[in-house]
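Undergrad: First, the structure itself, so that you have it in front of you.
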Amino acid sequence: MEILRTDGLSKIFGSGRLEVRALEDISFSVSPGELIALLGPSGSGKTTLLLCISLILDPTVGTIVFDGDTIYKNGWIGIDMRRLRREKIGFVFQTPNLIPFLTVRENVLFPLELVGITGKAVEHRVMELLEYMEIADRRYFLPALLSGGEQQRVSIARALANRPKLIMADEPTAALDTERGKKVMSLLKKIAGEQQTAVIAVTHDVRMVEGFDRIYMLQDGRMNNT
Amino acid sequence: MNGVEKASPFIFYGVERTLKGTSRRFTIIGYDVFGGLGGPKNLTAGREIRHAHYEMVAHEKLGFRLGEKVPLGIHTYTVVGLFKNGTAPDGEPLVYLSLPDAQEVIYLRDNEEIRNQRERLYRTLTRPGLLSPQQSEKYIPQLQPDTHLVNAILIKLAPGADSESVARQIKNWLYFSVYTTDQQVQLMLQGRLAKPKNQLLLFRIILIIVSVVIISLVIYTFTMEKIRSIAVMKLIGAPNRVIIRLVLEQALLLTVCSYLFGLIVIHNTYHLFPRFVLLNMFDDTATFFVALAGAVIASLLGIWQALKTQPAEALGGH
Ligand SMILES: Nc1ncnc2c1ncn2[C@@H]1O[C@H](COP(=O)(O)OP(=O)(O)OP(=O)(O)O)[C@@H](O)[C@H]1O
Ligand SMILES: [Mg+2]
């Protein structure tokens, strides 16, 4: 069964002469363990789609089914969006977006604290994640002292902390050189395979998407499956 | 009298005299140095008055050293003790003398003045139609101020006695005004100290308002600096209370630090103020809680800014 499905999802910004049809009639789905790329030129609606399916931006019409529940049908259906985000979705951004006044360890700890996991279990989970991302030796550093690639790995560890069912990655490689970008992508691949987590990665760089299960192309807010 | 364990005569009087060449205002207290009530407490140096005459205990602020000889009126007094806590109701420093010495200093200024006064009285009394010179001589000592006056009697209650009922007895039988210690304090706060007290209160209020404004701006700036982190936190699902706590913690930390700093500064400098300032625990504690409330108010601007931050601001470039 798929983790996420959209049906006829549209997003219109503004109205009248200022109207922008950012998404039009988007229907697609992602299953657990699947690695999906959203590809498209600038302004094609990639970020808008990601925001809508991450429960951050309100779509205009359509349906979103998440983890078996219809959560949007021309309007949100009685859900705590932030709770769903912290429990079921992990985020990786274009820039690592670590919280600069928290150490590496505390950054990874933060989402665990949000869902109320405490005690020994937390320390164990944090170490496990940092080791998985090969960054454990830097756990007491502040993010500013790490390289861009290292920071991005910490942010992936943070995204994984709560064992999310879905990872959203908006241009995770854009700030990195090709080699480091490929490393991040292969990590996402590894996660999808090993943890049965669905990954949706947005990119406009075709070189980054080799080995992905499916690639969706966005063009002027419309989607065609490749 | 029932309920009274001990009563002793007491005199206090604000004077302005020349000390070490400069004119100083201070309050003289005369008390029964042989076991009477109302003597100096908590001496910082020296001892209490032990002899019937010519010894004094003075407030440190008057700048005397132990053993110093101080001319006052017609005699010279030796400083035998110094103290730091305690002040007259008007904030002037205190000088303790034995009762007879105090009466003398207060009511007799100096020989010359006594002579002048005698002269004046004599001239007045011998004006045509009044008294003969002989009669005048006879009456003058009686007309001159009596130096054996006291202006208060201190009373110590017997254990278990009720201050109200003792006060009533004295009022009814002796026709004196009676004030219990509490009433004295109230009388002072409402009377002579009312104005300075209200001025201080006004200052405190103004200062607190100014601090709230400053802390608001500081917290607002701190929050604006963290706005991207706040957007990230919201995006990964942090509930509003986590965000509010983040802003509040900063405001409270800032306030507690400034409060402690202020407390340390004031407790180390209050003796330099021109008037005596009484610091008490209650005021300090009350100020602390008012400051905390101020911090919460000061955070409102920052909290409002944090809450209206959109999670989407975390996406995209910098
Ligand atoms: N808040 C908004 N108000 C109005 N129009 C918007 C808003 N956000 C996005 N748009 C418009 O929607 C369209 C899609 O934008 P979006 O950010 O999704 O593109 P993108 O594919 O992510 O581009 P890029 O590769 O540059 O990040 C663009 O035309 C954009 O101008
Ligand atoms: Mg984008």
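The values are calculated or read from the model by the stated rules, or taken from the named source; none is laboratory data. What you see is a predicted model; the values in this text were computed from it and never measured. Here Cβ is always computed from backbone atoms with ideal geometry, including for glycine, and neighbour counts include all displayed protein chains. Surface areas here come from the heavy atoms of the whole protein model, side chains and all, with no ligands, DNA or RNA. Shrake-Rupley method; radii C 1.70, N 1.55, O 1.52, S 1.80 Å.
Undergrad: Go through region A:49-76 and count every residue that is away from chain B (no Cβ under 14 Å), within 17 Å of the chain's Cα centre (by Cα) and on the phi > 0 side of the Ramachandran plot.
TA: 1
Undergrad: Suppose the filter is open to solvent by 50 Å² or more (accessible area, probe 1.4 Å), within 15 Å of ligand 1 (Cβ to nearest atom) and free of Cβ contacts under 8 Å to residues at least 24 places away in the same chain; does A:Leu18 pass it?
TA: Details: open to solvent by 50 Å² or more (accessible area, probe 1.4 Å): yes; within 15 Å of ligand 1 (Cβ to nearest atom): yes; free of Cβ contacts under 8 Å to residues at least 24 places away in the same chain: yes.
The answer is yes for A:Leu18.
Undergrad: Taking A:Arg105 as the residue in question, decide whether it is at the interface with chain B (Cβ under 9 Å from one of its Cβ atoms) and among the charged types (D, E, K, R).
TA: No.
Undergrad: Identify the single condition in (1) farther than 22 Å from A:Glu2 by Cα; (2) exposed (fewer than 14 other Cβ atoms within 10 Å of the Cβ) that A:Asp80 does not satisfy, given that it satisfies every other one.
TA: In the conditions (1) farther than 22 Å from A:Glu2 by Cα; (2) exposed (fewer than 14 other Cβ atoms within 10 Å of the Cβ), A:Asp80 misses (1) alone.
Undergrad: In addition: When region A:21-48 is examined, which residues are found to be within 29 Å of A:Gln195 (Cα to Cα), more than 14 Å from every other protein chain (Cβ to nearest Cβ), among the aliphatic types (A, V, I, L, M) and within 11 Å of ligand 1 (Cβ to nearest atom)?
TA: So the first thing to find is which residues in region A:21-48 are within 29 Å of A:Gln195 (Cα to Cα), and the list is A:26-40, A:45-48.
Subsequent filtering for residues that are more than 14 Å from every other protein chain (Cβ to nearest Cβ) retains A:26-37, A:39-40.
Imposing the further condition that a residue be among the aliphatic types (A, V, I, L, M) reduces the set to A:26, A:30, A:35-37, A:39.
Answer for region A:21-48, where residues must be within 29 Å of A:Gln195 (Cα to Cα), more than 14 Å from every other protein chain (Cβ to nearest Cβ), among the aliphatic types (A, V, I, L, M) and within 11 Å of ligand 1 (Cβ to nearest atom): just A:Leu39.
Undergrad: Answer yes if at least one residue in region B:261-280 is closer than 18 Å to B:Gln310 by Cα, open to solvent by less than 70 Å² (accessible area, probe 1.4 Å) and either assigned to a helix (DSSP H, G or I) or more than 14 Å from chain A (Cβ to nearest Cβ) (or both), and no otherwise. Before the answer, list the steps.
TA: So in region B:261-280, the residues closer than 18 Å to B:Gln310 by Cα come out as none.
No - not one qualifying residue is present in region B:261-280.
Undergrad: Give me the pairs: first residue in region A:89-118 and within 22 Å of B:Val247 (Cβ to Cβ), second residue among the aromatic types (Phe, Trp, Tyr), beta-carbon distance under 9 Å, and six or more apart or on different chains, which are they?
TA: A:Asn97/A:Phe91; A:Ile99/A:Phe110; A:Leu102/A:Phe110; A:Thr103/A:Tyr140; A:Thr103/A:Phe141
Undergrad: Out of (1) open to solvent by 10 Å² or more (accessible area, probe 1.4 Å); (2) assigned to a loop (DSSP other than H, G, I, E, B); (3) within 16 Å of ligand 2 (Cβ to nearest atom), what's the single condition that is false for A:Ser44?
TA: Only one criterion in (1) open to solvent by 10 Å² or more (accessible area, probe 1.4 Å); (2) assigned to a loop (DSSP other than H, G, I, E, B); (3) within 16 Å of ligand 2 (Cβ to nearest atom) is unmet by A:Ser44, namely (1).
Undergrad: Could you list all residues from region A:47-62 that are open to solvent by 30 Å² or more (accessible area, probe 1.4 Å) and more than 9 Å from ligand 2 (Cβ to nearest atom)? Show your work before the answer.
TA: Step one: of region A:47-62, the residues open to solvent by 30 Å² or more (accessible area, probe 1.4 Å) are A:47, A:57-58, A:60-61.
Answer for region A:47-62, where residues must be open to solvent by 30 Å² or more (accessible area, probe 1.4 Å) and more than 9 Å from ligand 2 (Cβ to nearest atom): A:Leu57, A:Asp58, A:Thr60, A:Val61.
Undergrad: For B:Ala306, are the conditions met, namely being within 14 Å of another protein chain (Cβ to nearest Cβ), open to solvent by less than 60 Å² (accessible area, probe 1.4 Å), part of a helix (DSSP H, G or I) and within 16 Å of ligand 1 (Cβ to nearest atom)? Steps first, please.
TA: Numbers: within 14 Å of another protein chain (Cβ to nearest Cβ): yes; open to solvent by less than 60 Å² (accessible area, probe 1.4 Å): yes; part of a helix (DSSP H, G or I): yes; within 16 Å of ligand 1 (Cβ to nearest atom): no.
Answer is no for this residue.
Undergrad: Given (1) at pLDDT 90 or above; (2) more than 30 Å from B:Pro311 (Cβ to Cβ); (3) not small (Gly, Ala, Ser), where does B:Arg241 come up short, assuming only one miss?
TA: (2)
Undergrad: Among the listed residues A:Ala201, A:Ala174, identify the single one that is within 14 Å of chain B (Cβ to nearest Cβ), of a type in the set (Gly, Ala, Ser), open to solvent by 10 Å² or more (accessible area, probe 1.4 Å) and within 15 Å of ligand 2 (Cβ to nearest atom).
TA: On inspection, the qualifying residue turns out to be A:Ala174.
Undergrad: Of everything in region B:8-31, what is open to solvent by 50 Å² or more (accessible area, probe 1.4 Å) and either assigned to a loop (DSSP other than H, G, I, E, B) or not hydroxyl-bearing (Ser, Thr, Tyr) (or both)? Give them in sequence order.
TA: Step one: of region B:8-31, the residues open to solvent by 50 Å² or more (accessible area, probe 1.4 Å) are B:12-14, B:16, B:18, B:20-25.
Those that are open to solvent by 50 Å² or more (accessible area, probe 1.4 Å) and either assigned to a loop (DSSP other than H, G, I, E, B) or not hydroxyl-bearing (Ser, Thr, Tyr) (or both): B:Phe12, B:Gly14, B:Glu16, B:Lys20, B:Gly21, B:Arg24, B:Arg25.
Undergrad: Kindly indicate whether any position in region A:96-108 is surrounded by fewer than 17 Cβ atoms within 10 Å (Cβ to Cβ), within 13 Å of ligand 1 (Cβ to nearest atom) and assigned to a loop (DSSP other than H, G, I, E, B).
TA: No, because not a single residue in region A:96-108 is surrounded by fewer than 17 Cβ atoms within 10 Å (Cβ to Cβ), within 13 Å of ligand 1 (Cβ to nearest atom) and assigned to a loop (DSSP other than H, G, I, E, B).
Undergrad: To continue, here is another question. When you check A:Asn97 against the structure, is it of a type outside the set (Asp, Glu), out of contact with any His (no Cβ under 6 Å at 6 or more places or on another chain), within 11 Å of chain B (Cβ to nearest Cβ) and within 16 Å of ligand 2 (Cβ to nearest atom), yes or no? Before the answer, list the steps.
TA: Values: of a type outside the set (Asp, Glu): yes; out of contact with any His (no Cβ under 6 Å at 6 or more places or on another chain): yes; within 11 Å of chain B (Cβ to nearest Cβ): yes; within 16 Å of ligand 2 (Cβ to nearest atom): yes.
Taking the combined requirement at face value, the residue satisfies it.
Undergrad: Also, quick follow-up: How many of the residues in region A:7-22 are within 16 Å of ligand 2 (Cβ to nearest atom) and farther than 17 Å from A:Asn74 by Cα?
TA: Final tally of qualifying residues: 1.
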